[in-house]
1. Counting just the residues of the range B:112-151 that are away from every other protein chain (no Cβ under 12 Å) and modelled with pLDDT of 90 or more, which one comes out surrounded by the most Cβ atoms within 10 Å (Cβ to Cβ)?
2. In the set A:ALA41, A:ALA32, which member is at pLDDT below 65 and within 12 Å of chain B (Cβ to nearest Cβ)?
3. Could you run through the range B:155-177 and say how many residues are at the interface with another protein chain (Cβ under 8 Å from one of its Cβ atoms), among the aliphatic types (A, V, I, L, M) and touching a residue at least 40 places away in the same chain (Cβ under 8 Å)?
4. Hey, could you check the range B:83-94 for residues that are surrounded by 16 or more Cβ atoms within 10 Å (Cβ to Cβ) and assigned to a helix (DSSP H, G or I) and say which is nearest to the other protein chains (Cβ to nearest Cβ)?
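The values are calculated or read from the model by the stated rules, or taken from the named source; none is laboratory data. Source: prediction; values computed, not measured. A quick note on method: Cβ atoms are made from the backbone with ideal geometry, for glycine too, and the neighbour counts reach across all protein chains shown.
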Amino acid sequence: MKEDYLWDKTGNDAEIERLENALAAFAYKKTAPPMLPTISANVLPFKKEPARRIFPLVCAAAACLAFVAVGFGVLLPAFMNETTNRESAKTIESVRRVIDENSKQNVYEPGVNNSPDSNSKETEVSVAGKTESSKPAAKSEIVKARKNVRQNVQSLVYRKEAKAERVKAAKAENRLTAEERYAYEQLMLALAVTSSKLKLIKNKVEGVEEKTGGGSGGGR
Amino acid sequence: MSENEMTGNIFCLAAGTEKSAPVSAAAQADKPEARLVERICAGDREAFGDFYKMFAPLVHGIVLARVPRDEVDDIVQNVFVSAYKNLHALRDGNAVGAWLTTTARNLSIEYYRRAQPTEELPEDVRQKDDRQTEASEILAAIRSLPEAYKETLILRLVEGMTGAEIAERTGLTDESVRVNLHRGMKMLRRKLGVAE
C-alpha cells in the first residue's frame, strides 16, 4: 500500500523509493558533535549603589535659592527706591508750584478790591487797615481762611499727585528700555519662583521635623 | 481534513507544541530525551553526544528545507551549540524535540538576514551530474511546498524517518504528520508532473 509505505515503509511504492534514492545524497551524514563552549557561571559581584543622599541636595538647593532671594532682595529695593525718590521729588515740586500759584492769586494788596470768588479760590488773606472792632471776627475769618487754604492746597496736591502718578505709570513703561523691561519681568518671575521653592522646602523641612517627633519643639 | 486543521498543523510544527493526546506522567518521565536533557544540564558531556546523535537528522532535515545545501552543516552545528547554551531554560525535557526544531527554524531565518548576496557560477564551471541535477530539482520542488509539508517530506524522503518518528521528534500528532505527508506528496507529484 502506497500510504503505508509513505507512513512507515511497509509494503512498496516505486515512486517514493525513486525519490528516496535520488534525495539520499542530501541526507544527514554522521558527523561529530560540535565543540562545546565552556560556559562558566561567573557572576559579577553585586555593586550596591550608594544611597543617594537627598538631604544635602535639598540643603544646597535651599542655599542657592536663598542666595538668589537675598540678591533680589538687595537689588530690588535699590531699584524701587530710585523710582520712589524720583516720584517724591516730582510731587514736592508740583505741590510747591500749586502753593505758589495759589499764593500769587490770593495775596491781599492794599487799595485793590479783593473779593473772594469761590470756596475753591479762597486763600490766605492778609488783613491790613481793618478797624479794631472787627479784629476778633477778622481773626476767626483768617483762621477759617487758613484752614480752607490748607484743605484746598492739600486736595490740589493730592489731585496733582494722583495725576502725576498716573502720568508716571503711563510714562514709566515708555521710559524703560526693552532690556530694562525684560530684566524687570525676569526679576519678578524669579522672585515668584524663589518664593514658591522656599515654601516647598519649608513644607518639606516641617514635614521632616514632624516625622522625627518635632525636633527641638520644647524649650520655649 | 479541513483547512483549519491544516493551519493548526502548521502552527503546531512552527511552535513545536506537544502532542494533543494525553500522555501519562510515567510515559513522560520515561522519555529518553528528557533523561538526556537532565544529564546534559548536570554537566554530562557524553549525554550531549547521545543527544546530538538522536536529533541531528531531525535538525538537518529542518535546516535543509530552508537554506542552501552548502550551509546546512554549519547551521546544524550552530543549532546544537545554541541548544547546549540554552538547555537549562527548557522547562519540559519531553518537549526538547519541538524546542530544537524551533531553534533550527530561527537560525535558518537568521542565516538569510546575515547572508551576503552571492553570484551563481556560470554553467560551464559547474560540474554537471544528471543525478545531482535531478536530486536538486526534486529538492527545489519540495522546498517550494508549504512549510508544514516540505519539512515533513524532507524528514521522510531525505532523512528516512518514519511518520511515527517524525511525530515523536517534532511533537506533532500522528494524524497531523499523516496528513502532511499525504497532501505534501500529492502536491509534489503535481509539481514534478508525475501522474498520480
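1. Across the range B:112-151, the extreme among qualifying residues is B:GLU151.
2. Values: A:ALA32 fails: at pLDDT below 65.
Sole residue among the options that is at pLDDT below 65 and within 12 Å of chain B (Cβ to nearest Cβ): A:ALA41.
3. Qualifying residue count for the region: 1.
4. Out of the qualifying residues, it is B:TYR84.
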